[in-house]
1. Given a Förster distance of 60 angstrom, what is the FRET efficiency for R572 paired with E137, based on the Cβ-Cβ distance and rounded to 0.05?
2. For a protection proxy built on the mean count of beta-carbon atoms within 10 angstrom, sort 137-144, 692-699, 185-192, 318-325 highest first, please.
3. Mind giving me the FRET efficiency for V366 and E95? R0 is 56 Å, r the Cβ-Cβ distance, nearest 0.05 is fine.
4. Which residues does a label at I60 reach in the range 141-180, if reach means a backbone N under 19 Å from a point 7 Å past the Cα toward the Cβ?
5. Once you place label points 7 Å from the Cα toward the Cβ at T429 and D388, how far apart are they in nm?
6. For a paramagnetic label modelled at 7 Å from the Cα of L453 toward its Cβ, which residues of the range 30-60 fall within the zone defined by backbone nitrogen distances under 14 Å?
7. Just to be sure I understand the model, the point goes 7 Å from the Cα along the line to the Cβ. What's the resulting D321 to R375 distance in nm?
8. Can you give the local net charge around V138? Use residues other than it whose beta-carbon is closer than 15 angstrom to its beta-carbon, Lys and Arg +1, Asp and Glu -1.
Amino acid sequence: MTDTMLPPPNQDEYPENDGFEVDISDLVKKLISIVRQNILLIAGIVLGAIVVGGILTLLITPKYQASSHILIENQADQIIEGGDLQEAITSNEVERFLQTQLGIIKSRALTATVIESAKLDTDPSFFEAFGSEMPVEVEEPGQKLDVVRKNAAIDLLLENLYVAIPTDSRIASVTVTSRNPELSAKLANVYAERFIEYNLNQKYDSSSYARKFLGDQLQEARNKLTQSEEELNRYARFAGLIRITDDEKNGGGQSTVSVTNSQLMQVNAAAAQATAERIAAQDRWRTIANQPPLTLGVVNSNNAIMQLLAQKATAESELADERSRHQDGFTTVKAKRAKIAELDRRIDSIANSIKQSAKLSYEAAVKQEETLGQRVEELREEALKEQDRGVQYSVLKRIADTNRTLYESLLSRYNQLNASAGASSNNITIVDRAVVPLKPSSPNLLLNLFLALVAGLGLAAAIVTLRELLDDAIHSPTDVEKKLGLPLLGLIPKSSQNQIETELANSRSSLSEAFRSLVTNLGYSTANGLPEVLMITSSGEGEGKSTTASSIAMDIARLGKRTLLVDADMRRPTLHRIMDDRSQSGLTDILTGQKTLSEVVHGSKSIDTLDYVSALPIPPNPSIILAGDNLTRFIQEARSKYDVVVLDCPPLLGLSDVPLVVKHVDGVLFVIDASSFHRGAVKSAMRRLSMSNANMLGVVLNRFAPKSGSDEDAYYGYKYYNYGHDQG
């Protein structure tokens, strides 16, 4: 058996392709295929666009551009702020300043000065240079002719004026385009000169206005300062506040002095110190209040106590010595005891005095704290009252300080403007004057041809894209799955009508190979191999379903399977002509009960295992016959006697025959004519089969011209099926 062409694999059965390059490759191949199919259309559109672009370029009147270049420094006058008359603009404002200057150059006011300086509104050659005519009459009543001409000249010049400044540069270019090269250069230079004059006039006008404005503001500020100073003095005198000059803290300004606040700060500090001393004394007293005097460290460390204790120890030693030699009633013994008793009394007295001094210190600290606390409260009340008076004083002082600052600022600025009045400094200068252009700037033949080429390619791409979107023809086998969603079981190459029989008779022809591949693929279309009852139909007539049915039946029979080919198209039967059958009996007689299968079946002359049944005689109403029970019995009998039954059924659209037969078959093979494919008709046919619960096995793409597809399709059509065909 020759190699077989299996149907395209179902992508859902395979893992996703993990290579991005494959998608790009498929896309490139698809684009190349589309270009090859539409190469003549694309070439015609592009060539036509280039020709039109060249003709239009030759018809355009040449124009000349002349440019002058102006340096714009980022300097601007300051009316209120600053110390210098001209101060550099910050980097954040440079771009806005430059764009403002460009806007001034393109303004109607500056353009009007250019027109007036050269009296261009009365020059017909000016209008002619811009492809227009000088107005000779007014369009509406009440208009003046000179005003109309001037506005028309301004509009023309603005339309042909281009002003730009490069990024990171302060040199602006002023470009004028016209049909007259001398006029273009002249206007570009006049624009630069008028802009410089405009800038100087603006500086002088702004300086004059600034002096007048600042003079009025200065007088008003002087009056406000005088009034605020008088109000401040009156209130200070009324509130009893003393004003002194404090150069270090207030910059030579004035401030008030409050004796109460000073006293409050001093007394408050003393009160805080007294509280600390009272707490310390209280802690000392609480520590020793309940302790015996002689157990206190402060008592034992006292020099007097230490001396008395030493004397007492000596006396006790002497007493012990006397008692060892005399009785207790002896005079010396009594004297020693009296001395010790005196020493104890003196020790107790001094110890109690030391302990009592700690208590007195605590009581004195408490008294001092209470006295200072009362004084703090008295001074606080006085300070609060004085503070209330100081609030209004501070308000009046702030007003006076504000008025003084404003007055000094205005006075300084006014003096600067007076000193610089009449200065003619300018931040705009001409870098390059415009020269008369020697070559026209437009039209540019090469540029226009390139643009025409791009436009032609774009138009061709749009037309080809639209054509592809609207084209429902089958150009490649992959279109079957993409447009219909069904597997492709057979790809039958296109052959002329008079060569079909010859090619089918040749077992090595591409047509024979294609049908054998179709039969092989049908063997894999079901789980049990070839379907026992196979229906072959199409959406319309003339799509090659009868040829397909007979070829499939013959190839199956050649495999050794008993095959029955039934012509079920009782409206336009063809099998009797293909088999050269002279009998007038066929399927109609079986379905009407007039004859049995064995009476109408005929054997093939060339293949022993192939039998066939024609559709004769043609009945008046095939639908009624197919709807009867005899069709069911006929199919059951055919199943029992043959391995495979192939039904050549009529087309789907407009007929009810196929839905009546489809419920008796195991699978449906749909034939599509690639040369006259209409997706709408096929979709409708598929929908009818789906409503009948048909088992769609796949699609046979008949009369396919491989050269109209991609290289891969051409391989299958001209390489695969013809492999070894030129050999003996």
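1. Details: r = 81 Å, r/R0 = 1.36.
Efficiency at R0 = 60 Å is approximately 0.15.
2. Details: 137-144: 8.1, 692-699: 18.1, 185-192: 22.8, 318-325: 13.4.
Those peptides, ordered most packed to least, come out 185-192, 692-699, 318-325, 137-144.
3. Numbers: r = 76 Å, r/R0 = 1.37.
Efficiency computed from Cβ-Cβ geometry: 0.15.
4. 159-163, 175-180
5. Roughly 7.0 nm, to one decimal.
6. Answer for the range 30-60: 46-51, 53-54.
7. In this crude label model, D321 to R375 measures out at 6.0 nm.
8. Working: positive: K144, R149, K150; negative: D121, E133, E137, E139, E140, D146.
Result for the neighbourhood of V138: -3.
None of the figures in this text is laboratory data; all of them are computed from the coordinates on show. This structure is a prediction, so every number in the text was calculated from the model and none was measured. Here Cβ is always computed from backbone atoms with ideal geometry, including for glycine, and neighbour counts include all displayed protein chains.
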